[in-house]
Amino acid sequence: MSVTIRKNKREDNEILAKIIRTSFHDFDVKATCGTVYTDPTTDDLFSLFQTERSALFVAEENGVILGCCGIFPTENLPENTTELVKFYLTKEARGKGIGKLLMEKCFDKAKELGYQQVYLESLPEFSKAVSIYEKQGFQYLEKALGNSGHSGCNLWMIKKLN
């Protein structure tokens with residue numbers, strides 16, 4: 001497997017938005033309102049990730065984009081906490097360890113930027129991703145933190161960075 005993990009580029013916008021929205025269909029997620037699916041920033045991730053203390057990484061193999069994962073300083077999170085965001089892979093890329101590579105790149109970047117913990121929001125339908133979060137040491141929370149604007153998510157987790 002010759003997968004490259006790199007920072008996102010403006011020309012990635014269209015394919016990343018498609019990968020994100022296709023994932024909702026792949027996992028038969030009905031709740032699209034109040035999620036990344038309808039979030040207008042999904043169509044211009046390059047601009048969104050120009051925000052200070054944020055990063056979006058893309059997995060690519062032989063010029064084909066396989067997915068993405070990022071960290072973002074979501075408003076009103078606890079001090080030194082970042083949100084793990086936009087963690088989506090194409091159907092072909094799932095189950096090959098690519099998601100783990102992307103997530104670990106995000107953890108490394110979060111530490112480099114001075115974050116001490118990583119928060120995330122998800123949906124139970126994304127059970128494959130949720131199992132990865134559990135294996136990576138994320139703990140469940142009873143309610144949302146911060147103000148992501150994704151009121152459709154009903155699963156919240158947090159991980160302390162070593």
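Taken together, the values in this text are just the output of simple stated rules run on the coordinates, not laboratory data. Keep in mind that what you see is a predicted model, and the values were worked out from it rather than measured. As a convention, Cβ positions derive from the backbone with ideal geometry for all residues, glycine included, and neighbour counts pool all protein chains shown.
So the values come out like this:
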quantity	calculated
Tally, over the stretch 127-162, of residues that are of a type in the set (A, V, I, L, M, F, W, C) and not in a loop (DSSP other than H, G, I, E, B)	8
Test result for LYS111, basic (Lys, Arg), in contact with a Leu (Cβ under 8 Å, 6 or more places away or on another chain) and in a strand (DSSP E or B)	no
Count of residues meeting criterion [part of a loop (DSSP other than H, G, I, E, B) and under 22 Å from TYR37 (Cα atoms)] in the stretch 79-91	1
Number of positions in the stretch 92-107 that are in a helix (DSSP H, G or I), more than 12 Å from the chain's Cα centre (by Cα) and surrounded by fewer than 14 Cβ atoms within 10 Å (Cβ to Cβ)	1
Qualifying residue in the stretch 70-78 (condition: out of contact with any His (no Cβ under 8 Å at 6 or more places or on another chain), part of a helix (DSSP H, G or I) and either more than 22 Å from VAL29 (Cα to Cα) or not aliphatic (A, V, I, L, M) (or both))	no
Evaluation of ASN76 against (1) in contact with a Ser or Thr (Cβ under 8 Å, 6 or more places away or on another chain); (2) on the phi > 0 side of the Ramachandran plot; (3) in contact (Cβ under 8 Å) with a residue 60 or more places away in the chain (one fails), failing number	(1)
